[in-house]
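The values are calculated or read from the model by the stated rules, or taken from the named source; none is laboratory data. As the structure is a computational prediction, the values presented were derived from the model and not from experiment. Quick reminder, even Gly has a Cβ in these numbers, built from the backbone with ideal geometry, and neighbours come from all protein chains shown. These accessible areas exclude ligands, DNA and RNA; they are computed on the full protein's heavy atoms, side chains included. Shrake-Rupley method; radii C 1.70, N 1.55, O 1.52, S 1.80 Å.
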Amino acid sequence: MKFVPAKPNFSRFRPMRLFTAALALFFALLPLCGCAAQEKTETFTAMDTVMTLTVYGGGNALDDAKVLILGLEAELSVTAEGSAIRRLNEEGELELCEDAAALVSEALALCAETDGALDITVYPVVRAWGFTTGDYRVPTEEELSALLPLVDHSAVKMSGSTVTLPAGAMIDLGAVAKGYASDRAAALLREKGVKSAILNLGGNVYALGSKPDGSAWRVGVADPFGEGGTYSLVLSVTDMAVVTSGGYQRYFEQDGVIYRHIIDPETGHPVDNGLASVTIVCEEGLKADALSTALYVMGYEKAVEYWKNHGGFDAVFILNDASIHITEGLESCLASASGEQTPEIIKK
Ligand code: ADP
Ligand code: MG
């Protein structure tokens, strides 16, 4: 038998068929467009800050995430009556619920990893400055030196979910709770099928998936010298936490001196080391929150060293001279920079 190569049969080509196919495709896609994930946004106060959650699709997922965050606040707050952390501080020993135990355990590991730049036992000092109540004051040196021996994360003992504090010691999860809450909220949303959400827990941003149109989320890094609502730069991210710690957010002024709410656990004094803000970008909100506080305490040089030695995250450092420095992994995420100076890229 003779092999005859198949020839395209152009005689079969009919414009009507193409038209019918296009029409079928149109109707096939129509329901998809009609069901575009519905946007829901809610703004509320929790953990001493304003939070805005924007969620696409997922039915009641947004309400569930809000309930989850408010529940975490009730457990983790250092001031709320009956919270696990307040009771632990009052009683010195307590078996914690699942979330509080998980967070204390992970926070202690981060305290050790940052060599105590993050130290959740700094609370007696934070309290002496009035930062938790808003009754700001400058404590005397004697008062601070009496409190400093209580600041030692390595003295906190954990056995299962039971935490034991040395006499007089107290913990505060203020530097890590919002990051943890963003991770838990993102996990819950994913479980409910959400593929696109942007969670802003008072400057702790978690970008879940991408925007509904498939493009990356754009997250602004606040200008620490701006009036609010202005950004030093904008990053394009997907499935990333972007968390900023800065002295500009919470502080008080007395006799012309500014006292910021992040304390150097070595000295008991508010941090004042030339850094205006530190932003951490990584996959976990808890780590980003912990490291943004810790690297702010470390100061620029030590913080860059820490990044070089540990990795697993990227950072934006804004110095008091308004210069902006970004670690090399962010170069490709930089959507725009509004500052006078172009950001310096920090290489490994
Ligand atoms: P914010 O809560 O404003 O987002 P941070 O995440 O940096 O900022 O946390 C700062 C809070 O953590 C302070 O208000 C205080 O309660 C507590 N804190 C201050 N200094 C330290 C520190 N060195 N280590 C751990 N917690 C700290
Ligand atoms: Mg923090």
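General remarks:
- Within the accessible surface of the range 192-249, defined with a 1.4 Å probe on protein heavy atoms only, the carbon and sulfur portion equals 49 percent.
- Violating pairs (Cα-Cα greater than 18 angstrom) within the set K40/K178; K211/K347; K308/K347; K40/K192; K178/K347: K40/K178; K211/K347; K178/K347
- Fraction of accessible area attributable to carbon and sulfur, the range 259-348 (%, probe 1.4 Å): 43
- A simple rule links phi to the HN-Hα coupling: the Karplus curve 6.51 cos²θ - 1.76 cosθ + 1.60 with θ = phi - 60°, which for the range 293-308 gives 5, 4, 6, 5, 5, 4, x, 4, 4, 5, 5, 5, 4, 4, 4, 5 Hz, with x for Gly and Pro.
- Length-normalised contact order of the range 110-265 in % [C-alpha pairs under 8 Å, at least 6 apart]: 18
- Charge context of I345, other residues only, Cβ under 15 angstrom, K/R +1, D/E -1: -1
- Largest to smallest accessible area among M158, M298 [probe 1.4 Å]: M158, M298
- Percent carbon-and-sulfur accessible area, the range 68-150, ignoring ligands, DNA and RNA, probe 1.4 Å: 47
- Taking all protein chains as they are arranged and a probe of 1.4 Å, the heavy atoms of E284 leave approximately 90 Å² accessible to solvent.
- Per residue, the chain exposes 50 Å² of solvent-accessible protein surface, assessed with a 1.4 angstrom probe and all protein chains in place.
- The C-alpha atoms of the chain define a longest principal axis, and helix 98-113 lies at about 70 degrees to it.
- For Y231, the solvent-accessible surface computed with a 1.4 Å probe is close to 120 Å², ligands and nucleic acids excluded.
- 222 nm mean residue ellipticity, helices alone, for the chain (DSSP H n ≥ 4; -39,500 (n - 2.57); rounded to 500): -10000 deg cm²/dmol
- Inter-part distance where the range 57-136 and the range 303-342 are each reduced to a Cα centre, Å: 29
- Selection from Y306, M170, T121 lying farthest towards where the dipole of the chain points positive, charges on Cβ: Y306
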